[in-house]
Every structure is written in structure tokens, then in C-alpha cells.
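Sharing a structure, written as C-alpha cells. Questions coming.
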Amino acid sequence: SLLDVQTGEKVWTFEGGGDTCALSPDGTQVLCGGANDKKLSLLDAKTGEKLWAVERAGAVWTCAFGPDGTRMLCGGGDKKLSLLDAKGGGKVWTHQRTDEVKTCAFSPDGTRVLCGGDDKELSLLDVKTAEKVWTVECASYVVTCAFSPDGNHALCGDWDKKLSLLEAKKGGKVW
């Protein structure tokens, strides 16, 4: 459901995937995905109208908009992270993992992507090529990741409740 921030009232409710969601940078669109319907859907933020949906081979566990809103990420139970075009959901590239993808994030400048999951690894990818820049082994399943606002650091959280701060260029641990 989309809620009015000031009143807390429901603006609209979408029947479909609700395991992950993201707002576009300009606030006009909502990206959502789910485990049961195995779809990634793009919705109009004002009305909740579905603009398009993409079928996936497995559950959709994570999604994110790029900083300019023209690209988006989607990952999940099919062990893939995909970069998609926001206009129609067409695949730009797909990055194969060894286990389910549970988290992803764009760098603030949109040139790099973090992804991690049940393979206990956090990887940094180049957005243009999908090539790995680095991979860091984690103690447990990677459940969340984020970039610092300046893009110089990456944050990684795992299932064992350990948080790691990494240097984004090479993946070296800060703490």
C-alpha cells in the first residue's frame, strides 16, 4: 500500500508482490516484486495503476531504481541480478550468482552496483558491463547493502547481525 505521509491514510493498495519495493528518484513511480507471483511490477505512484510487469523464474527479493530513474535492478530466487530499462522492463544485462540474490543497491552516481545474498558474498559490479570489480566473503547470508552518499564506502549486513563498512573502490574492510 502507498500511504500519505502526513495523514497515514492509504492512497492505494496493489494486489501482487509485496516482498520488496522502491520509489523512483522523482517519486512518480513505484517498483515492487514478490515471492508468490514471481513478478516485478512498475506502478504509477499517484494511482497505483500497473504500467508494466516482468515475469521472473523465481521469487523477487530485491529491487532498486538507479539515481536518474532510467534503470532499475531486480534480483531473487532465480540466482540472478538483472539491470532493466525503466520504460518497459527490458533486460540490459543479467549477472548470474551461485545462490539467491537478497539485496542490491546503485552507487550514487549510477556507475556501480552492489549485490549480495545467500551465497555469503557481496559483489561490486560495473553498471555498463556487469563485470565484477570485487567480491567480499561474508560470515553469513548477505541481507542488506548500501552505498555512502559520496559513493566511497559500501555497507554490508548479514544474517548473523554483523555489519561491515567497506572501501568501495577495492572492497577492503574499514571495520
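Which condition from (1) farther than 24 Å from T129 by Cβ; (2) within 15 Å of the chain's Cα centre (by Cα); (3) surrounded by fewer than 21 Cβ atoms within 10 Å (Cβ to Cβ) is the one that D68 breaks?
Looking at each condition in turn, D68 falls short on (1).
Follow-up. For region 107-118, give me each residue that is open to solvent by 30 Å² or more (accessible area, probe 1.4 Å) and within 16 Å of W61 (Cα to Cα). Give the steps one after another, and end with the answer.
Filtering region 107-118 down to residues open to solvent by 30 Å² or more (accessible area, probe 1.4 Å) leaves 108-109, 111-112, 118.
Correct list: D118 only.
Condition check ((1) surrounded by 15 or more Cβ atoms within 10 Å (Cβ to Cβ); (2) in contact (Cβ under 8 Å) with a residue 40 or more places away in the chain) across all residues:
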position: S82; (1), (2): yes, no
position: D85; (1), (2): no, no
position: K102; (1), (2): yes, yes
position: L124; (1), (2): yes, yes
position: A130; (1), (2): yes, yes
position: A139; (1), (2): no, no
position: L155; (1), (2): yes, no
position: L163; (1), (2): no, no
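Among the residues of region 143-159, are any in a strand (DSSP E or B), more than 23 Å from L83 (Cα to Cα) and polar (S, T, N, Q)?
no
Could you run through region 26-49 and say how many residues are touching a residue at least 12 places away in the same chain (Cβ under 8 Å), exposed (fewer than 15 other Cβ atoms within 10 Å of the Cβ) and at negative phi?
Number of matching residues: 6.
Could you please tell me which pairs satisfy a Cβ distance under 8 Å, a separation of 6+ or placement on different chains, a first residue in region 59-70 that is more than 14 Å from S82 (Cα to Cα) and acidic (D, E), and a second residue that is open to solvent by 10 Å² or more (accessible area, probe 1.4 Å) and at pLDDT 95 or above?
From region 59-70, the pairs are D68/P25; D68/G110.
Among the numbered criteria (1) in contact with a Gly (Cβ under 6 Å, 6 or more places away or on another chain); (2) under 23 Å from A130 (Cα atoms), which single criterion is violated by W52?
(2)
Out of the residues in region 112-142 that are in a loop (DSSP other than H, G, I, E, B) and of a type in the set (K, R), which is farthest from G69 (Cα to Cα)?
K120
The values are calculated or read from the model by the stated rules, or taken from the named source; none is laboratory data. Since we're looking at a predicted model, the values are computed, not measured. Please note: Cβ atoms are built from the backbone with ideal geometry, for glycine as well, and neighbour counts cover all protein chains shown. These area figures cover heavy atoms from the full protein model, side chains too; ligands, DNA and RNA do not enter into them. Shrake-Rupley method; radii C 1.70, N 1.55, O 1.52, S 1.80 Å.
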